[in-house]
Amino acid sequence: MPRRFNADQLQTLPAGEREGLVALLLRTAHAYFESDADQLYRVIGNVTLLMGRLVSLLESESAIRTDDLDKQLKENRVERIVNYIDENYRQKITLAKLAEMENISTTYLSHFFTKTFGVSFHVYLSRLRFEKALVLLRNKSFPLVDICMNCGFSDTRYLEAACRRTFGCSVSEYRKRCSEEIEEDGGRQEDGLLVSRYSRRESRDFLRRFLGEEQYQALAR
């Protein structure tokens, strides 16, 4: 059974322990964003050390208590729904199909979904498809029609509308911006796709601004 940690316990840790965990996390981020070959083993080592400290500092729950059953059932339902959507977002998905899968009414699932995810089923699905499309849009070799088909958009107009709502620009303008960012970042891609929405350079610069130059450089020591 996977370990489960009570994150609230972080607040009860001694200040020194909390600060140590944060410092280790920042050093790991610094090593990852620098992305030198020599830093790879530092990242792996830091992650291993971080997990070891979490295991030793936080209470591990080896069994689910009876009074947690309702919570567990809800988590299981959420996991099934999320997994189903992640696996089928390219196709037509309906709330009725999900309700049938869970053996509950469509009305009940609609309320459950909105309460759990903070948005309606249709908004969640549209946002997920758009997020998937953004990754592909950053690679100019993918035709727009193929991206729409691969991400579940029945028409390019829906993708255009989502892009304008989110970024205030057309898809072509967004792709142009991405091309400029890729050129500035050295064109780093993985398997034909960008590793993330934000480049390592952007992430590194954000961390540097957040910590300040002196603290950022100190992370490498």
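Bear in mind that the values in this text are calculations on the coordinates, not laboratory data. What you see is a predicted model, and the numbers here were worked out from it, not measured in a lab. Heads up, the Cβs are rebuilt from the backbone with ideal geometry, glycines too, and the neighbour counts pull from every protein chain shown.
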Once both labels are modelled 7 Å past Cα along the beta-carbon direction, what's the Ala96-Asp70 spacing in nm?
-> 3.2 nm
Extended-chain gain in nm, criterion 0.36 nm per residue less alpha-carbon gap, Asn103 and Leu49 = 15.1 nm
Footprinting exposure proxy for Leu98, Leu144 (fewest neighbouring C-beta atoms within 10 Å first) = Leu144, Leu98
Taking 0.36 nm per residue of separation between Val82 and Ser56 and subtracting their Cα-Cα distance, the length gained on full extension comes to 6.3 nm
Enumerate the residues in segment 70-86 having an amide nitrogen under 13 Å from the point lying 7 Å beyond the Cα of Leu128 toward its Cβ.
-> 78-86
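Quick one: order Cys178, Cys169, Cys148 by neighbouring beta-carbon count within 10 Å, fewest to most.
Numbers: Cys178 18, Cys169 13, Cys148 21.
By the 10 Å Cβ count, ascending: Cys169, Cys178, Cys148.
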To the nearest 0.05, how large is the calculated FRET efficiency for Val145 and Arg177 if R₀ is 25 Å and r is the Cβ-Cβ distance?
-> 0.75
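With 10 angstrom as the radius, rank Thr28, Thr107 by how many other C-beta atoms surround their C-beta, starting from the fewest. Kindly include the intermediate steps, with their values, before the conclusion.
Values: Thr28 20, Thr107 10.
So the ranking, lowest neighbour count to highest, is Thr107, Thr28.
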